[in-house]
């Protein structure tokens with residue numbers, strides 16, 4: 001009797017041991033290195049590590065795929081790569097990435113979630129958000145200050161120079177202007193140095209790409225204000241303040257010329273200066289714009305419109 005009982009107990013223990021090992025082997029674990037990722041308005045990218053003892057897959061919201069791109073590493077990699085694009089709004093946005101098991105042997109779905117957040121732009125009172133770039137609503141006047149009004153052309157600057165030139169009307173009836181202070185011929189410079197940035201603190205000159213994006217955002221001419229509005233629902237006005245060439249004020253109320261930060265290209269043979277140029281219809285070219293080039297002539301001073309850092 002004791003022998004039979006011993007065999008029965010041993011059998012039960014073996015059965016229990018076998019069940020325990022099977023149950024342990026079926027425990028699936030999945031975890032991610034970051035459950036919440038917060039991106040600035042400029043966007044960016046981030047690498048997430050997945051720790052798991054089984055095969056896994058990623059579920060995403062395809063409605064948000066246009067701004068949050070998710071890629072899984074190749075060849076058995078345990079990484080997820082998240083690439084977030086620049087936001088064009090003041091309103092923050094977020095989406096979720098679900099990492100889940102895809103082991104058919106287990107009926108339970110084991111998962112972990114990553115929340116991707118992106119901050120909206122904080123637009124100051126003297127700025128307007130247009131396609132992800134905060135533009136100042138006024139031109140630069142004296143060094144480090146904005147003009148009093150969005151419709152005032154402000155001062156003119158040579159490329160990479162700190163002197164603010166103004167056009168002083170000396171014969172308003174005939175449209176004659178004098179330059180103040182006295183014109184100082186410019187010397188060649190390939191880059192606009194940070195210390196020569198005429199924009200107020202926290203602002204800078206726009207790049208060529210940002211200026212092109214402003215043009216693509218839409219524009220319309222205003223013949224009362226003599227200039228162009230750029231943008232759609234959010235707009236800025238750029239007055240046609242003219243420009244200075246070799247110490248002479250040219251095309252006031254007829255032409256607008258605005259510097260860009262990367263405005264010089266030097267290929268060794270000649271120099272190209274880039275800038276935004278537009279004409280009012282007093283020139284017979286209503287609603288025309290170009291990014292213009294001038295070769296081998298650095299004796300210009302143009303308007304400056306800043307963007308937020």
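Throughout, read-outs are computed from the coordinates displayed, never taken from laboratory work. Remember, it's a predicted structure, so these values are computed and weren't measured experimentally. Virtual Cβ from ideal backbone geometry, glycine too; neighbours counted across all protein chains shown.
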By how many nm would the segment from residue 184 to residue 225 grow when fully extended, if each residue of separation counts as 0.36 nm and the alpha-carbon distance is taken off? 11.7 nm
How far apart, in nanometres, would the label points at residue 122 and residue 42 be if each is projected 7 angstrom from Cα along the Cα-to-Cβ direction? 1.5 nm
So for the pair residue 168, residue 111, with labels modelled 7 Å out along Cα→Cβ, what separation do we get in nm? 7.2 nm
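Sorted from fewest to most neighbouring beta carbons within 10 Å, what does the list 129, 214 look like?
Numbers: 129 21, 214 24.
In order of increasing Cβ crowding within 10 Å: 129, 214.
With 10 angstrom as the radius, rank 123, 168, 307 by how many other C-beta atoms surround their C-beta, starting from the fewest. Working shown, then result.
On the way: 123 15, 168 11, 307 20.
Ascending Cβ contact count within 10 Å gives the list 168, 123, 307.
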Given an 8 Å cut-off on Cα distances and at least 6 residues of separation, report the relative contact order of segment 44-139 as a percent. 27 percent
By Cβ neighbour count within 10 Å, fewest first, 216, 100 rank 216, 100
Between residue 62 and residue 250, what is the label-point separation in nm under the 7 Å Cα-to-beta-carbon projection? 5.5 nm
